[in-house]
Amino acid sequence: MIRYVVVRTIRALATIWLVWSLVFFLSRLTGDPVKWILGEFATKESYETVASSLHLDLPLWEQYMRTLSGLVRGDMGMSYYHRRPVADLFLQRLGPTMALQSVVIVATSAIGILFGVVAAVKHDKLVDKAIRFFTIVGCTIPNFVFAVLLIFLFCLKLKWLPSGNIGSFRHYVLPFISLSIGPIASISRLTRSAMLDTLSQEYIDVARMKGISESAVIIKHGLRNALFPVVTVLGGQIVTLVGGAFVVESVFSLPGIGTLSVTAAQTRDFPLLQYCVFIMIATFTFVNLLVDLSYAALDPRIRDGEWATN
Amino acid sequence: MMVNLLEIRNLHTCYHAQNQVVRAVDGVDLHIRQGDFYALVGESGCGKSTVARSIARIIDPSYAYIEQGEILFEGNDLVKLNPRQMRAVRGLKIGMVFQNPMTSLNPVVSIGKQLLEAIQAHTRLPRKQAMDKAISLLELVKIPDPAQRMQSYPHQLSGGMQQRVVIAIALANDPKLLIADEPTTALDVSVQEQILKEIDDIRKQRDMSILLITHNMGIVAQMCNRVAVMYGGVIVEDGFSADIFSEPLHPYTQGLMACMPSIEEEKEELHVIPGTVPKHFEPGECRFLHRCPIATPDCGQREPGLEEFKENHFVRCHNVNIRRLQEEAR
Amino acid sequence: MSGQPLLEVSHVKKRFPIKRGFSTKSRFFYAVDDVSFRMEEGESVGIIGESGCGKTTLARLIAGLEQATEGEILFHGSSVHAKMGRDMRKSIQMIYQDPYASVDPRMDLWGILEEPLRIQSNMKRSQAEKIIMPLLETMGFTEDSLSKYPHEFSGGQIQRICILRSLVLSPKLLICDEPVSSLDVSIQAQILNLLKKLQSEKSLAYLVISHDMSVIHHISDRIIVMYLGQIVETATKHDLFANTQHPYTKALIAAIPNADPAKKQKKAILSGEASRAAQEKPGCLFQDRCERACALCYDQRPDMLPVNTGHYVACHDVQTMARKDS
């Protein structure tokens, strides 16, 4: 067991380092940050001053080693553009994103699973058909299209809700809806098919024959086993949400880390960009690690590592 | 006269498949008394499993339904019970064992918990007593180290052991009727022998009735006192096992027995029932018409009813019954 | 015809790793543990055993679908292995337990039957027809069934199609792994009759694997009894039943429920279950379940020794008795 955890952790760290390095080199291909800061008509002297203050005059490998050693020491560097530690900038913008994301993740999981279970239990009935229609719509239409449509309907036409920025709970309603529809759709599809599969197993009938309530059969025996594939996908959903937030945040002008990352890329603010990516990869790997470990917690067959009987 | 424990009257169970209605059980009558070891025999598609599932009311309502008929258990019609009432029957009065032990237990819950669930479904025992009862159930089905096994998971047990656990679950609340749907088909012959004998011992101890669904005539001959043979959704022969084996009356029963290879005899060629089970049956003719060696024109004109040929020996065949009438006339 | 046997299996072993949790230590269990036997042309040999005895693995080794860890399999003197050539593949064919899983559901009957010919020798349609059509009739199919797909046939018909397919290449050995286990009793009879008929018509040799003693009794000339990877007894059908020697074989035969209610014999119930753990102890693999186990049984594995012509048993008890008699 220890070995399992250790191996996975090492792999996770290696992944983080690799992607981080990839971003390091790729971002430097996108253009010259000094030019961004100073503009097209900078003088040679001001160019050299700025470049050396940002250590951009050093050979590429030296830059890399400097940044890497900084990462290891915990010094994430200063934003080129804002002249402040990147960690501070990030933290400042974390609020809106976290507020939004955490609610989305919890709500979409709960609602998605609920829809999936209902659709499976009442399969081929009207409820199931309605849910399936919804999931097709939800899976195919991108979240920013929803965002724009929702703004059009609720902000322009009905004038019920604000269309941008933060300030109150009402500002989060439309972003929440735009971000949730997709994940609810895919989680409910998956839950539905996993449930249908599980409910056709013989142990479901054995459970019924005990005389326990139908809901106990469906939840304790059905859902309990159907959740495995769903847990995998939930992990992926969390990651997608963090990534997909970029566009929605932009559409709603939310000052979150989505917009921060996009701006950092646009302005060639390498340290800031590097930091945003780093946090995202770390979250991603951590979430995947949790998913892996949760399997072992939930399924005794995986704990034993051996699927064959005796 | 004893009241029958289970009395099935004119049961019709149908299901929808590809825009058609399949009449899986098309008019079945069956009487099981207390203590009977009753075999329901037939090949795939004859409806025997559907009969079992109809009794327990665990047919999938999204595509199957009991069209008509009564299933009287201790005098109460199970078909008319609402879900809550039916739950009071399942596990307490009727227990069921299924064919594949590897998929009959929830893979992520321990054996102990699954047993406790069965016990607590109908009793309100304090935990310690419930645990003790669970352990004694495992002892009853001859599982070694029962106290240890409570913490085991299904995948840690062999197929035979898993089936024993399923039997323990079915017997947890001392049901009057145990329905066993091909309980040993997926098991090795040596394990099969052990388990069947153990079920029979339990039956004798508790004066329990068993309805055994099977296609294995050997098991039927050795263990069961009564047999019903099904074909095409109806019962074609029904009687005491001794009678049916010594004098099988229906051509299908005869064919079935003759076509089985046996270690007792040296047969160059096995008897064959020609053709296969038709997908549809025309009303007004015998279901076995196209495969029957003794079919006469009358068999295509009207469907025979299940009639008592000898005492307690019923058969659904014009030509057998004609023989009886001829014999009576003498 | 050379004096060579059709098939010669010598001291074949096949092991698989057991993965225990997350340890790196590899432990193995032997699915096939030192098996040797021979088959002649046109002979029908049945292998009987319960789950875990290795009969399916042995069948797959002989068919060249797996590679033996140790030992040798010779077919007409040439070695059988997982990478053997097309010629050998033609001569050894196999049919399986689940007929529906053995055919591609997207190929019609003609496609299924013609595929082996096409792969082996890239035949033209007319040539293929010359081979396929007569066989088709023997099996009871008409020409218009050639365009049908598997789902339009019954289980028994598909199994006949699989047999047909295996005969298209005129093999010398047909391995049948549980050929009738998933079929109804009345269909089983049809298939068993068909197999017997074909054998005499085409002088095919059969290797039939089953857990059903009645099936093995019906179709075999000679029977091999396997337990946990080893052969415990082998004899002609007649001898095996008339003069059963090994305690396991006796128990297996006694466990078959007799379809005559008048004969309710008291059975020798075999206790316990076969477990791979037995391979890790010294001595006979059957020691824990054997009524007649003696001190030697816990210590040494018995060798296969003859008790009669063509009748071999691996059991210390039997061998001791035999020595006493002589």
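Treating only the Cβ atoms of Lys and Arg (+1) and Asp and Glu (-1) as charged, compute the dipole magnitude of segment C:104-239 about its Cα centre; round to the nearest 20 debye.
Working: 14 positive and 17 negative charges, 88 e Å.
Using only the charged Cβ atoms, the result is roughly 420 debye.
Shape class of the protein assembly as shown from the Cα gyration tensor (axes a ≥ b ≥ c, square roots of the eigenvalues): prolate, since a/c reaches 1.5 or more and a/b is larger than b/c. For chain A, the square roots of the Cα gyration tensor eigenvalues, ordered a ≥ b ≥ c, give a/c of at least 1.5 with a/b no greater than b/c, which places it in the oblate category. Using the Karplus relation 6.51 cos²θ - 1.76 cosθ + 1.60 with θ = phi - 60°, the per-residue 3J(HN,Hα) values for segment C:311-325 come to 10, 10, 9, 10, 7, 4, 4, 4, 5, 5, 4, 4, 5, 5, 5 Hz, with x marking Gly and Pro. Across segment C:111-118, rounded Karplus estimates of 3J(HN,Hα) from the backbone phi angles (6.51 cos²θ - 1.76 cosθ + 1.60, θ = phi - 60°) give x, 4, 7, 8, 4, x, 5, 5 Hz, Gly and Pro being marked x.
For chain A, the longest principal axis of the Cα atoms and the long axis of helix A:224-251 meet at an angle of about 30 degrees. For the peptide B:191-197, the mean number of other protein chain Cβ atoms found within 10 angstrom of a residue's Cβ is 4. If you take all other residues with their beta carbon under 15 Å from the beta carbon of C:THR57, and give Lys and Arg +1 and Asp and Glu -1, the sum is -1.
Among B:MET230, C:MET107, a tally of other beta-carbon atoms within 10 Å of each Cβ gives an order, fewest to most, of C:MET107, B:MET230.
Entry note, segment B:24-109: relative contact order of 19 percent, from Cα contacts under 8 Å with a spacing of 6+ residues.
For C:ILE224, the residues 5 or more places off, or on other chains, whose built amide H falls under 5 Å of its own are C:GLY46, C:ILE47, C:ILE48.
Taking neighbour Cβ counts within 10 Å as the exposure measure, how do A:SER69, A:SER188, A:SER46 sort from fewest upward? Don't skip to the answer; put the middle values down first.
Working: A:SER69 10, A:SER188 28, A:SER46 13.
Fewest to most other Cβ atoms nearby, the residues stand as A:SER69, A:SER46, A:SER188.
Calculate how many DSSP beta bridges within chain B are antiparallel, expressed in % of all such bridges and rounded to the nearest 5.
Working: 30 of 49 bridges.
Within chain B, antiparallel bridges account for around 60 percent of the total.
Near the amide H of B:ALA180, within less than 5 Å, lie the amide hydrogens of B:VAL97, B:LEU211, B:LEU212, B:ILE213, all on another chain or at least 5 residues away, with H placed in the peptide plane. Site pair C:MET107 and A:VAL148 shows an inter-label distance of 5.1 nm when each label is modelled 7 Å from Cα along Cα→Cβ.
How charged is the neighbourhood of A:SER21? Take every other residue with its Cβ under 14 Å from the Cβ of A:SER21, and add Lys/Arg as +1 and Asp/Glu as -1.
Working: positive: A:ARG28, A:ARG66; negative: none.
Here the charged neighbours net out to +2.
Computed over chain B with a Gaussian network model linking Cα atoms closer than 10 Å, the most mobile of B:THR184, B:THR13, B:THR296 is B:THR296. Build a GNM of chain A with springs between Cα atoms under 10 Å: which of A:ARG73, A:ARG93, A:ARG28 gets the top mean-square fluctuation? Largest GNM mean-square fluctuation: A:ARG73.
Taking other C-beta atoms within 10 Å as the exposure proxy, C:SER51, C:SER214, C:SER79, A:SER261 rank C:SER79, C:SER51, C:SER214, A:SER261 from fewest upward. In terms of its C-alpha gyration tensor, segment C:98-141 has an oblate overall shape, because the principal axis ratio a/c (a ≥ b ≥ c, square roots of the eigenvalues) is not below 1.5 and a/b does not outweigh b/c. In a reduced charge model with +1 at each Lys and Arg Cβ and -1 at each Asp and Glu Cβ, chain C shows a dipole moment near 600 debye about its Cα centre.
Cα to Cα, under 19 Å, and not fewer than 8 places away if on the same chain: which aspartates and glutamates meet these conditions relative to B:LYS279? Straight-distance partners of B:LYS279: B:ASP26, B:GLU43, B:GLU303, C:GLU152, C:ASP184. Given an 8 Å cut-off on Cα distances and at least 6 residues of separation, report the relative contact order of segment A:51-186 as a percent. Normalised by residue count, the contact order of segment A:51-186 is 24 percent. How much of the DSSP bridge set in chain C is antiparallel, in percent, rounded to the nearest 5? Antiparallel: roughly 60 percent of the beta bridges in chain C. With chain B treated as a Gaussian network of Cα nodes joined by springs under 10 Å, which of B:LEU178, B:LEU289, B:LEU306 yields the largest mean-square fluctuation? Judging by the Gaussian network model, the answer is B:LEU289. Beta bridges per DSSP, both residues in the protein assembly as shown: antiparallel share near 60 percent. Phi angles of segment C:283-298 translate, via the Karplus equation with coefficients 6.51, -1.76, 1.60 and θ = phi - 60°, into HN-Hα couplings of x, 5, 5, 8, 3, 6, 10, 9, 6, 10, 5, 10, 4, 4, 5, 7 Hz per residue; Gly and Pro are given as x. Close amide H contacts of A:SER79 (hydrogens built in the peptide plane, cut-off under 5 Å, sequence separation of 5 or more or a different chain): A:ARG84, A:VAL86.
Between the helical axis of B:111-120 and the dominant principal axis of chain B, each derived from Cα atoms, what acute angle in degrees is found, rounded to the nearest 10? Long axis of B:111-120 versus the principal axis of chain B: about 80 degrees.
Using the reciprocal of the averaged 1/r over all distinct C-alpha pairs, how large is the Kirkwood radius of segment A:215-286 in Å? If you can, show how the numbers build up before the last one.
Numbers: mean 1/r = 0.0698 Å⁻¹.
Kirkwood hydrodynamic radius for segment A:215-286: 14.3 Å.
Using mean Cβ contacts within 10 Å as the protection proxy, how do A:173-180, C:218-225 order, highest first? Don't skip to the answer; put the middle values down first.
Numbers: A:173-180: 22.1, C:218-225: 23.6.
Packing order, densest peptide first, comes out as C:218-225, A:173-180.
Contact order normalised by length for chain A, with contacts defined as Cα pairs under 8 Å and 6 or more residues apart; what percent is it?
Working: 318 pairs, mean separation 79.3, N = 310.
Computed value for chain A: 26 percent relative contact order.
Straight-line reach only, C-alpha to C-alpha below 24 angstrom: list the lysines that C:LYS55 could link to, leaving out same-chain residues fewer than 8 apart. Reachable lysines: C:LYS13, C:LYS14, C:LYS19, C:LYS83, C:LYS90, C:LYS172, C:LYS196, C:LYS237, C:LYS250, C:LYS281.
For chain C, what does the helix formula give at 222 nm: sum of -39500 (n - 2.57) over DSSP H segments with n ≥ 4, over the residue count, nearest 500 deg cm²/dmol?
Theoretical 222 nm ellipticity from helices: -9500 deg cm²/dmol.
The distance from the alpha carbon centre of segment C:279-308 to that of segment B:107-140 is 40 Å, rounded to a whole number. Per residue of B:151-159, other chain Cβ atoms within 10 Å of the residue Cβ number 4 on average. Below 29 Å, Cα to Cα, which lysines can B:LYS133 reach? Residues fewer than 8 away in the same chain don't count. Answer for B:LYS133, where 29 Å is the Cα cut-off: A:LYS210, A:LYS220, B:LYS93, B:LYS113, B:LYS142, B:LYS176, B:LYS197, B:LYS204, listed by chain and number.
Between the C-alpha center of segment B:49-70 and that of segment C:240-258 there is a gap of 42 Å. Simple point charges give the picture: +1 on the Cβ of Lys and Arg, -1 on the Cβ of Asp and Glu, and for chain A a dipole about the Cα centre of about 720 debye.
Grab the DSSP H runs of chain B that are 4 residues or longer, score each as -39,500 (n - 2.57), total them, divide by all residues and round the 222 nm result to the nearest 500 deg cm²/dmol.
Values: 11 runs with 107 residues, N = 330.
Roughly -9500 deg cm²/dmol at 222 nm, from the helical runs in chain B.
For the residues of C:269-277, the average number of beta carbons from a partner chain within 10 Å of their own beta carbon is 5.
Read-outs: derived from the displayed coordinates by stated rules, not from any lab. Computed from a prediction, not measured in an experiment: that's the story for all the values here. Cβ atoms come from the backbone with ideal geometry, glycine included; neighbour counts cover every protein chain shown.
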